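Notes to accompany the following structure.
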Amino acid sequence: MKTDTETRRHGDTEITSPRLRVSASLLALLISFKSFAAGTPEYGDVYVDASIGDASMLNPVLSSDSASNDINGQVFNGLVKYDKNIKLVGELAGSWDVSANGLVLTFHLRKNVRWHDGKPFTAEDVLFTYQKLRDPQVHTPFGSDFELVKSVAAIDPWTVRVVYAKPFAPGLASWGMGMIPKHIFKDGDFNTHPANRAPIGTGPYRFKEWKTAQYIVLEPNPDYYEGPPYLARYIYRIIPDQSVQFLEMRNQGIDSLGLSPDQFKAYDAIFEHHQRFRYPSFQYVYFGFNLRNPLFKDIRVRRALAFAIDRQTLVQGLLLGLGQPITGPYPLSSWAYNSQIPQIPYSPQKALALLMDAGWRPDAEGLLTKDGTPFSFTIMTNQGNKVRELAAQVIQQQLHHIGMDVKIRIVEWSSFIHQFVDKKNFEAVVLGWSTGRDPDNYLMWHSSQQKEGQYNFVSYSNPEVDRLLERGRQTFGEKKRQAIYWKIHAQIAADLPYIFLYCPDSLVAVHKRFRGPEVAPLGMGWNFPQWYVPRDQQLYPVRTP
Amino acid sequence: MIPFLLRRSLHLIPTLIGISLISFFLMQLAPGGPVDQIADMNPHVTPEAKARIRSDLGLDRPIPAQYVSWVKRMAFLDFGTSFTDGRPVIRKISERLPATILLNILSIGLMILLALPIGWLSAIRANSLFDKAMTVLVFVGFSMPTYALALWLMILFGLNLGWLPISGWSSLNFIEVPLWRKALDIAQHLIMPTLVLGLTSLAGLSRYARNSLLEVIHQDYIRAARAKGLSFRRVYGVHAARNALIPMVTLVGLMLPDIIGGGVIIETIFAYPGIGRLGYEAIMTRDYNLIMALTVISAALTVLGNFLADALYAYADPRIRYK
Amino acid sequence: MLSLYLERFKRNRLAAAGLAIIVLLTLGAALAPALCPQDPTAQNLTQRLQGPSAQHWMGTDDLGRDVFSRLLTGTRVSLSVGFVAVGIALGVGTCLGLLAGFFGGRTDTFIMRWVDIMLSIPTLFLILAVLAFLGPNIYNVMIIIGLTSWPGLTRMVRGECLSVREREYVHAARLSGVSTPRLLFVHILPNVIAPILVSATLGVGGAILTESALSFLGLGVQPPMPSWGNILTIGKDYLHIAWWLSVFPACAILITVLAFNLLGEGLRDVLDPRT
């Protein structure tokens, strides 16, 4: 679960499955203001990014908040990574082999990789990283990704063999986890090690300075195995208020900023110095029910609610068209999304008919009642996600039209998760999932995942879906898995434990002087080390020596 | 003087105990408790692991025992470690404290610098147009929601005029410039937060200055001095002002907690690295050790500030010592 | 006596203006449902973020609701927060102050020690922590603001009570066997009412400001219930796109808090025999 404190407060708060930490981004179906003009890259200048919250720990094994992820993504490398087309390619591992049964992975490491302090990167480091991920003393949120690993062994300094107990399709992608240096961490307490604040990695940028609550500065790694990046500094500013971030962007105080739909569509003069980018995100927003609540046990009632909510209005009115309505538990751009499932149309009449069928009758004032009790419940959502708060209010209004008495309770993130979601102390929620590139969503839907703090908090249980989820993670090959996940999609769309609302677009502004920003299926930033600024447009006089 | 100070410092002890009690029991209000927060880092924490964390933190012991051991550790400035990054709480606070103290000193300075002349002029011209205008003006400052004022100033001075940086504590080229440029840079970043914090808390002090001066002016000895032919400046500028303004020292002391509290908003909006923002973040992440330590430390600082103010007051006005 | 006060009050035009504004606002709050030109909860997503017009005097918000109607309804919420919080502070503060001043000795020491403690803890901090732990809603906001703003009042009431206690008529009443509660509330209280009234007036303004600060930090009155604080906080995010969403609520807060302060200061001048 994502633990970033500040995203909880204002930002785009998601519950993120631990494995899926690559920051959200995707498919270039839509507009992209292409800026990649031909030219010779030049060194120099500074890239200033901003975040609502400070990083917690600059150690990819320990932290899962978005600020730490942003920095760790520049400082550390995994064995594998997703390329711009969301295909897994080698990173620290130049190549790998998979055994015929899928149980054995053999990584062949690159031999020319050095840590930022000059020591060579070897199989020992991979082994060490794995040991820390499985160490019960280590406060890592990613241990579950490696639960099915039976053994990891260094065959020689540049070859690592991983053996799985059971076939695990998402296993390969989990080795995208940032590798940490054994020679730095072998002494001292791992959880509170000083290197967590002054990280040593292998990535394109190396750590320079961290002023708590102010900024983090990275500088290019001259020894990067793909050659040093062009920008002379990467500065990550911490600005807790979103309206101030926007002001700073307009003032050229920051070079890149995520935008709300309203900001994205604001008048052009605001973006005098910035270019806007738009691409589908790997997130979706849903209206979920507590299936243990008698009110929502009846599928007719859930179907009625699906008919009563106008998703098109949500997308057009709140997202200003910058998103798409969805029908099932995957982001629209995932290959697991089953595009053959029809949208449930907006139809208050059908909703009412279904409710009548389930025994609900409008009283004199038009309020639905059954056996003397009115149809009344509370929608909860977390505070800080503007669009989601508004969506809850729009849903309230739409359900009011068919005679339901709906209240809204907006709760600050920490309480919301611990006191309400984890304890199943809610009736209905509006929330979002930020999913990874691998569609395995066992943790959200399998009936075994209903304990306190687990992700199937709506208490969904369907033996058929359980079986499919198990098969999905044990099957290799996109085509074969796609068939399984399409079935899961269809079944969940029929059972309606959630009403799936929409998949919002990612909206980003980047300063116009940068050459290189390009939207690809993976999103933006996949080629960040290659970004540069032509010398005559450089804003800051910092140069790489 | 010394006996007074001794007596006064004895009073500090029950106050400090009370503060520690409030800080500690405030945390007992929190549902769930710190283990939930740690377990949140790891959805697969087993009940056994949770129990182990609880006993590691001493949370399985009775509450009074927890309180006693907390106070004991605190006596050695050991406030435990933060749940979010495992660093010692005291280090997290000490790296933020200088920024907050600097901002507070500057804005209190600005406040006094403005409040005294405004109060003085308003008093000697009580009920004049100037007095009325000033009354309205200082209250407009007080009545303005701070964050709205801050944002408007940012738009005006930062975005439109380009005179001042919008947020933060230093510029991006900070590490590369000579010392005097660094000082200048920080000064520029401090102007808007100081202005906002100073202007919005000006009202109390300037009204107090005005009213107590008015009171003194009406007293017999001042009228007598005036009647004896002492100059206007000498009577109002020295005698009256001295007697009326000395008590203000204690008022400033009393305002400290409000200024520290006000820092939460100012520091958040200006992205200023102080303890107000740290405290807010700690509350939102349920970083219990950090919240308790911050409450105790900021309250203790206030108590210390008040003590100093009292000592100054007693030094300036000997009558106080014998009360 | 009363006519003297009235006379003085009438001469203080700032205070009179403050009072007029407060009376207007209170009326507006009381009659809000009748006065709202539109339903403050009626959404219209095709009319989002529209500037002021004849139809929407103060424009519309991010769900297309009428800002004027929402501000008017918010008047109820914000004034209630102010009045209830101050009511609580008055109750606690006055009682404790009277007790401390009247009985002196250990009671006094104990109460005043608490006052010192409460006065040294950063109030906003305490409020934030309690609201984060217990959950922010209008009731918790009112109560916790009230429960953290009594110490100053206690200190003042105690001081006044100390001086009144020594007056002849109190001694006389005491000797004639009047019960302690009666002595406190009937004989002493009326004589300390002036400073209480002043500080209550100022307190209402303070509580409204505190609520708006809490809203900014996400711990004030929660939407969809409109308070001036949360309308302004929404407006803050649209600063560059829809100025009316921040300017009008900010002005509402500014004018109201100003009115309470001017009235309070005026009352101080009028009721204080020394000036």
Residue pairs meeting the criteria (Cβ under 9 Å; at least 6 apart or on separate chains; first more than 9 Å from chain B (Cβ to nearest Cβ) and over 15 Å from B:Val136 (Cα atoms), in segment C:247-258; second among the aromatic types (Phe, Trp, Tyr) and surrounded by 24 or more Cβ atoms within 10 Å (Cβ to Cβ)): C:Ala252/C:Trp228
Does B:Trp169 meet the test of being among the aromatic types (Phe, Trp, Tyr), at the interface with another protein chain (Cβ under 8 Å from one of its Cβ atoms) and under 19 Å from B:Ala271 (Cβ atoms)? yes
Output the number of residues of segment A:516-533 satisfying the condition of being surrounded by fewer than 21 Cβ atoms within 10 Å (Cβ to Cβ) and either in a strand (DSSP E or B) or in the same structural domain as A:Ile309 (by TED's automatic domain parsing) (or both). 1
Examine segment C:192-200 for a residue that is part of a loop (DSSP other than H, G, I, E, B) and away from chain B (no Cβ under 12 Å), and state whether such a residue exists. no
Among (1) within 13 Å of chain C (Cβ to nearest Cβ); (2) over 13 Å from the mean Cα position of the chain (by Cα), which single condition is B:Pro257 missing? (2)
Look at segment C:117-135 and say how many of its residues are touching a residue at least 24 places away in the same chain (Cβ under 8 Å) and either open to solvent by less than 20 Å² (accessible area, probe 1.4 Å) or at the interface with another protein chain (Cβ under 7 Å from one of its Cβ atoms) (or both). 7
When you check A:Ala93 against the structure, is it buried (at least 19 other Cβ atoms within 10 Å of the Cβ) and closer than 21 Å to A:Arg471 by Cβ, yes or no? no
In segment C:205-226, which residue that is more than 12 Å from chain B (Cβ to nearest Cβ) and in contact (Cβ under 8 Å) with a residue 12 or more places away in the chain is most open to solvent (accessible area, probe 1.4 Å)? C:Met225
I'm trying to understand the selection: among the residues of segment A:526-545, which are more than 9 Å from A:Asp45 (Cβ to Cβ) and touching a Pro at 6+ places or on another chain (Cβ under 8 Å)? A:Phe528, A:Pro529, A:Gln530, A:Trp531, A:Thr544
Counted residues in segment C:228-246 being within 7 Å of chain B (Cβ to nearest Cβ) and part of a helix (DSSP H, G or I) come to 3
Quick check: is even one residue across segment A:125-138 at pLDDT below 95, hydrophobic (A, V, I, L, M, F, W, C), open to solvent by 40 Å² or more (accessible area, probe 1.4 Å) and closer than 27 Å to A:Asp440 by Cβ? no
Note: among C:Thr26, C:Thr41, just one is modelled with pLDDT under 90 and among the hydroxyl-bearing types (Ser, Thr, Tyr), namely C:Thr41
Tell me the residue from B:Ala311, B:Ala300, B:Ala225, B:Ala316 that is farther than 30 Å from A:Asp54 by Cβ, at pLDDT 80 or above and open to solvent by 10 Å² or more (accessible area, probe 1.4 Å), please. B:Ala311
If you go through segment B:191-215 one residue at a time, how many are away from chain C (no Cβ under 14 Å) and open to solvent by 10 Å² or more (accessible area, probe 1.4 Å)? 3
Exception for B:Ala133 within (1) within 11 Å of chain C (Cβ to nearest Cβ); (2) over 22 Å from C:Gly205 (Cβ atoms) falls at (2)
What's the total number of residues in segment B:195-246 that are without any contact (Cβ under 8 Å) to a residue 40 or more places away in the chain and among the β-branched types (Val, Ile, Thr)? 4
Looking only at segment B:3-55, filter to residues that are modelled with pLDDT under 80, small (Gly, Ala, Ser) and more than 21 Å from B:Tyr67 (Cβ to Cβ); which one of those is most open to solvent (accessible area, probe 1.4 Å)? B:Ala51
Among (1) within 14 Å of chain B (Cβ to nearest Cβ); (2) part of a loop (DSSP other than H, G, I, E, B); (3) open to solvent by less than 40 Å² (accessible area, probe 1.4 Å); (4) not hydroxyl-bearing (Ser, Thr, Tyr), where does A:Asn425 come up short? (3)
For segment B:69-91, which residues satisfy the criterion of being within 14 Å of another protein chain (Cβ to nearest Cβ) and in contact with a strand residue (DSSP E or B) (Cβ under 9 Å, 6 or more places away or on another chain)? B:Gly80, B:Thr81, B:Ser82, B:Arg87, B:Pro88, B:Val89
In segment A:501-512, is there at least one residue being surrounded by fewer than 21 Cβ atoms within 10 Å (Cβ to Cβ) and in a loop (DSSP other than H, G, I, E, B)? yes
Condition met for A:Ala213 (in contact with a Phe, Trp or Tyr (Cβ under 8 Å, 6 or more places away or on another chain) and within 14 Å of chain B (Cβ to nearest Cβ)): no
Among (1) within 30 Å of A:Thr475 (Cα to Cα); (2) within 11 Å of another protein chain (Cβ to nearest Cβ), there is one condition A:Trp445 misses while meeting the rest; what is its number? (2)
Return a yes/no flag: does segment A:223-235 have any residue that is within 24 Å of A:Pro534 (Cα to Cα), surrounded by fewer than 23 Cβ atoms within 10 Å (Cβ to Cβ), within 14 Å of chain B (Cβ to nearest Cβ) and acidic (Asp, Glu). no
Segment A:477-500: number of residues that are assigned to a strand (DSSP E or B) and either out of contact with any strand residue (DSSP E or B) (no Cβ under 6 Å at 6 or more places or on another chain) or farther than 30 Å from A:Arg300 by Cα (or both): 0
Test of understanding: among B:Ile166, B:Ile155, B:Ile191, which residue is assigned to a loop (DSSP other than H, G, I, E, B), of a type in the set (A, V, I, L, M) and at pLDDT 90 or above? B:Ile166
Does segment B:142-157 include one or more residues that are out of contact with any helix residue (DSSP H, G or I) (no Cβ under 6 Å at 6 or more places or on another chain) and more than 10 Å from every other protein chain (Cβ to nearest Cβ)? yes
Read through the list (1) at pLDDT below 70; (2) at the interface with chain A (Cβ under 10 Å from one of its Cβ atoms); (3) touching a Gly at 6+ places or on another chain (Cβ under 9 Å), then give the number of the only condition that B:Arg96 fails. (1)
For A:Asn456, the lone unmet condition from (1) of a type in the set (S, T, N, Q); (2) within 22 Å of A:Ala306 (Cα to Cα); (3) crowded, with 20+ Cβ neighbours inside 10 Å; (4) more than 14 Å from chain B (Cβ to nearest Cβ) is (4)
Sort out for me the helices (runs of 4 or more DSSP H) sitting completely within segment C:1-70 that have 3 or more residues that are of a type in the set (Lys, Arg). C:2-11
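The values are calculated or read from the model by the stated rules, or taken from the named source; none is laboratory data. Note that this is a predicted model, so its numbers are computed, not measured. Positions of Cβ are backbone-derived with ideal geometry, glycine not excepted, and every protein chain shown enters the neighbour counts. SASA here: full protein model, heavy atoms, side chains in, ligands and nucleic acids out. Shrake-Rupley method; radii C 1.70, N 1.55, O 1.52, S 1.80 Å.
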